[in-house]
Structure formats: C-alpha cells, structure tokens
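The numbers here are math on the coordinates, done by the rules we state, and not lab data. Bear in mind the structure is a predicted one, so any value in this text is a computation, not a measurement. Ideal geometry is used to build each Cβ from the backbone, glycine not excepted, and the neighbour counts take in all protein chains shown.
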Amino acid sequence: MRISGLAFLLIIAVLIVTSCASGAKPAPAPGPVPATSPSPPPATATDASKLYAVNCAACHGPARKGTQMGPALTPERLASQTEAKIKETIEKGRPGTAMTSWKGTLSDQEIDALVRFIKSTAP
Ligand code: HEC
C-alpha cells in the first residue's frame, strides 16, 4: 500500500510536470529581426586589386614584382615615397616613359584605392 501510494504520487507528479511542460507554450518571442540590409561591399581592397589587375599588371606584373615594361610596385619598394607622390605619378604619368597619365581613365577614388593598395598591401 505504501509503495503503490508512492507510485501514485509519482504518476501524478509526472503528469503535472508533463502537462505543464506541454501546455500553454508561449510562442517564442519574435525578437528584433536582424537587419538584413545588404552590407556595403567591403570596399577598396578587392576593388583595388581588380583595378590593378586590369590596368597595371601588364607592365608592373600580376604580383606587382615588375616586368621588363615597368618597375615593381610593392610597399617595400615604395617605402621612400609618400602617398601623395605616388598619386601624382599615377595621375600625371612619367612623361617620356611607358607610364601614362591615368587621370582621365580612373576616378579619383580609384586612384586613391590603387595608391593605398600598392603602398600598403604586400603582394
Ligand atoms: C604601359 C606600361 C605601364 C602601365 C600599364 C602602368 N605603368 Fe606604372 N610605370 C610604368 C613605367 C615604365 C614606370 C617607370 C617610369 C619611370 O621610369 O619613372 C612606371 C612607374 C610607376 C610608378 C612609380 C614607381 C616608382 O618607383 O617611382 C607608379 C606608382 C606606377 N607606375 C603606378 C601604376 C599604376 C597604379 C598603374 C595602373 C593604373 C600603372 N602604373 C600602369 C609603366 C606602366
């Protein structure tokens, strides 16, 4: 009798617990929906490497190590030049050499991105 009484209590307890667990389950609160706005493209680094590949690699080499047509464009090699100086070279070119002016061809932002790319990103 004692045991079956205990068993009975146990069953009641289990029933209460399971009914509580299954009953009246509140729907998960619809938390703030994470903003799904497309993040802006991770600017310049990739753009600059693309710009470089299209416009500059032919002479300065796909890995920026230089070719017979043009010198290497690496942070190491450009260390002694300021960004302003490098920008000037790209904008105006070097008269009398194969390095032409890129001012009309590339936008100011594109030239800036290229300057940062060749001056600061190791190939
Ligand atoms: C047709 C070949 C050619 C192309 C294309 C070209 N360059 Fe040049 N570039 C040269 C040559 C040759 C020189 C070396 C000029 C000199 O003797 O002063 C040079 C020099 C430079 C220099 C100066 C390097 C230094 O050591 O002072 C920079 C910076 C440069 N180029 C950037 C670029 C960028 C950026 C592009 C692409 C937008 C580009 N070049 C495209 C031929 C080219």
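Shape class for region 45-120: rounded, because the ratio a/c of the largest to smallest gyration tensor axis (alpha-carbon atoms, square roots of eigenvalues) is under 1.5. A72 sits among other residues whose Cβ lies under 12 Å from its own Cβ, and their net charge, with Lys and Arg +1 and Asp and Glu -1, is +2. Summing charges over neighbours of K103, with a neighbour being any other residue whose Cβ is under 14 Å away from its Cβ, gives -2 when K and R count +1 and D and E count -1.
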